[in-house]
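Notes follow once the structure below has been shown.
The values are calculated or read from the model by the stated rules, or taken from the named source; none is laboratory data. Since we're looking at a predicted model, the values are computed, not measured. Cβ coordinates were reconstructed from backbone atoms using ideal geometry, including for glycine residues, and neighbour counts include every protein chain displayed. To get the accessible areas, we keep the full protein, side chains included, count just its heavy atoms, and leave off ligands, DNA and RNA. Shrake-Rupley method; radii C 1.70, N 1.55, O 1.52, S 1.80 Å.
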Amino acid sequence: MKNDEIDFKIHGDDMQFVEIELDPGETAIAEAGSMMMMEDGIQMETIFGDGSQASGAGGFMGKLMGAGKRLITGESLFITTFTNQGHGKQHVSFAAPYPGRIIPMDLSQYNGKIICQKDAFLAAARGVSVGVEFQRKLGAGFFGGEGFIMQKLEGDGLAFVHAGGTIIRKDLRPGERLRIDTGCLVAMTDRVNYDIERAGGVKTSLFGGEGLFLATLQGPGSVWIQSMPFSRLASRVFASAPVSQGGGGQSSGEGGIGGLFDLFNK
């Protein structure tokens with residue numbers, strides 16, 4: 001094994017966090033700002049690059065390339081490492097940034113590579129490389145919902161991915177196709193063919209509420225689908241916000257509990 005072998009436990013239901021157990025000398029890497037709590041023997045350090053190499057290893061150019069890959073995906077140039085400097089087992093926990101699920105992925109079971117949406121990565125064992133995967137098809141890049149650049153997780157250890165709502169894994173046989181909403185893809189294995197197709201006729205595309213295109217996933221391989229993409233959640237929150245706060249606003253005549261409170265605020 002090139003990566004540190006870590007143990008973990010996921011807590012919670014809709015607002016989850018993952019607790020990672022580190023033996024002496026073991027290290028976990030995580031996105032900046034995701035740490036929830038850590039025990040006294042854990043040393044936290046911010047490093048330049050993707051955290052796939054030990055501190056001081058790889059040279060400046062290797063770290064610069066790793067940082068550049070993270071910058072392309074919209075992430076910070078830096079990543080945070082958490083190392084057990086004590087003599088016994090220590091624990092560090094990382095929290096999900098919004099309601100959803102945390103998915104543990106043992107990369108050694110997926111030929112050492114998983115492709116996921118740009119903001120999906122949460123934490124991993126030291127040695128996991130966080131890189132970029134470019135869409136080779138123009139249609140999928142423009143209309144696939146994920147853009148031309150996705151995250152690529154490589155290694156043979158554990159990585160933790162986060163997405164919104166409920167997440168389901170689908171295992172596709174060779175040639176089997178699955179059509180999904182363009183924003184619902186979380187991750188897929190390397191051999192899955194990712195493309196787009198028209199959602200239907202003109203009337204269906206314009207008034208069906210599903211947009212002009214659907215994403216198509218063709219096996220063999222595994223895909224992970226989310227029920228509540230963050231963009232959909234954010235748009236609903238924005239639409240419900242008062243107009244004075246820059247949102248879409250709601251009519252003061254709407255019924256329900258919100259309308260009852262409005263009576264007392266006037």
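Just a few scattered comments:
- So Val92, is it modelled with pLDDT of 90 or more, open to solvent by less than 10 Å² (accessible area, probe 1.4 Å) and not in a loop (DSSP other than H, G, I, E, B): yes
- Identity of the residue in region 185-210, in a loop (DSSP other than H, G, I, E, B) and at pLDDT 90 or above, that ends up most open to solvent (accessible area, probe 1.4 Å): Arg191
- One residue stands out among those in region 116-131 that are over 15 Å from Phe8 (Cα atoms) and over 10 Å from the mean Cα position of the chain (by Cα): the one that is surrounded by the fewest Cβ atoms within 10 Å (Cβ to Cβ), which is Gly131.
- Restricting region 156-171 to residues that are under 13 Å from the mean Cα position of the chain (by Cα) and aliphatic (A, V, I, L, M), the residue that is most open to solvent (accessible area, probe 1.4 Å): Ile167
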